[in-house]
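Following: one structure in structure tokens, then a few remarks.
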Amino acid sequence: MASVSLKGIAKHYADGKPVIHGVDLDIGDGELVVFVGPSGCGKSTLLRMIAGLEEISGGELHIGARLANHVPPAQRELAMVFQSYALYPHMTVFENLAFALRLAGHKGAQLEQAVGRAAAILQITDLLQRKPKELSGGQRQRVAIGRAIVRKPAVFLFDEPLSNLDASLRVQMRVELSRLHRELKTTMIYVTHDQVEAMTLGQRIVVINGGRIEQVGTPQQLYQQPANLFVAGFLGAPKMNFMRGQIVRASSDGALVRLAGGTLVEVGVDAGRATPGQAVTLGARPEHMPLQSEGPNLVELLVGHVEYLGDQSVAYATLEGDPALVAVRQPAGGAALQPGMRIRAQLPAARCHLFDADGLAYLHPVTNVCANQTT
């Protein structure tokens, strides 16, 4: 096992245009960290730089105690699992798992023991004599992961390994990968564009956008205390609702915000740096907007569309004077919502988020989780 440390890591190509902008990040020994972000944000490029498949243009990469900038990929004690399984079709599962070990000079009982151990961990012992064409997608991905396990690397690198699987297999493989990490206790870096994978797998999540780190934290920290509008809108399905507003009153104990249409909402954040009249964005997650007929912080919404999802329904509505859609999640058995209905939803002060004109969050005063932001 090994820690991974990135100090000012940068990447630019021949045209001089930067794609990774001075990333600083420390990944602990045995930690499972997920890089997440939209397509083209630089997360896979960053992973490939750690692997040695992309040249580092600036900064320092340390794997364990060793400076690894110019260490050849084969000598970095890493194993990488790609989106494509890249199995040898003419070889059996056993031969695929044993291939790298044979190249390294392993043979006999030592080789069979290493392959048997990896197969047992991944529960594919009964597949060892099959060829890849006889396997399902999930089984092929297990074999690809097994080829990495047999090498006993210090760090595992996963580059969107579940993207080719259907929805049910992705759920199953997420469970398997979590179990694998608990058993091996090896440092793992996992890249995905899927925020569900990030939230369910990562001990810590690194949100990347435009070659920069937006925020680093546990899934709970990022979901409950996003550092900015990008993180708030990226994590969550449906995503956080954003409503335009203006500061009426602000202090370190909270803020009073006037939304479009004149609705006043109290927000429980430290808004000491805000000033009356300042434009802000109020954020609220769909599950934090219960329907109420009376009470504080009520907003009136016009329902335009309703999605029924079995255990819940999601109504998409609009606030007067603001064209942005507002999603309201209701549990099964709640009020039956229909397009054209007018509803009242509450915005609990402690559940609301507030962002300034630059998109930066005002912190909730109890837990300054957003201090974990890395830029």
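Going by the structure shown, is ALA119 under 26 Å from ILE189 (Cβ atoms) and touching a Ser or Thr at 6+ places or on another chain (Cβ under 9 Å)? Taking the combined requirement at face value, the residue satisfies it. Within region 248-262, the set of residues being under 22 Å from LEU319 (Cα atoms) and modelled with pLDDT of 95 or more comprises VAL248, ARG249, ALA255, LEU256, VAL257, ARG258, LEU259. Apart from one condition, ALA118 fits all of (1) surrounded by fewer than 19 Cβ atoms within 10 Å (Cβ to Cβ); (2) in a helix (DSSP H, G or I); the exception is (1). Helices (runs of 4 or more DSSP H) fully within region 159-240 that include at least 1 residues being over 25 Å from SER84 (Cα atoms) and in contact (Cβ under 8 Å) with a residue 24 or more places away in the chain: 219-224, 229-234. Can you pull out the residues in region 205-228 that are in contact with a Ser or Thr (Cβ under 7 Å, 6 or more places away or on another chain) and either among the β-branched types (Val, Ile, Thr) or not assigned by TED's automatic domain parsing to the domain that holds GLY37 (or both)? Selection gives ILE213, VAL216.
The values are calculated or read from the model by the stated rules, or taken from the named source; none is laboratory data. Since the model is a prediction, treat every value here as computed from it, not as a measurement. All Cβ positions, glycine included, derive from the backbone under ideal geometry; neighbour counts span all protein chains shown.
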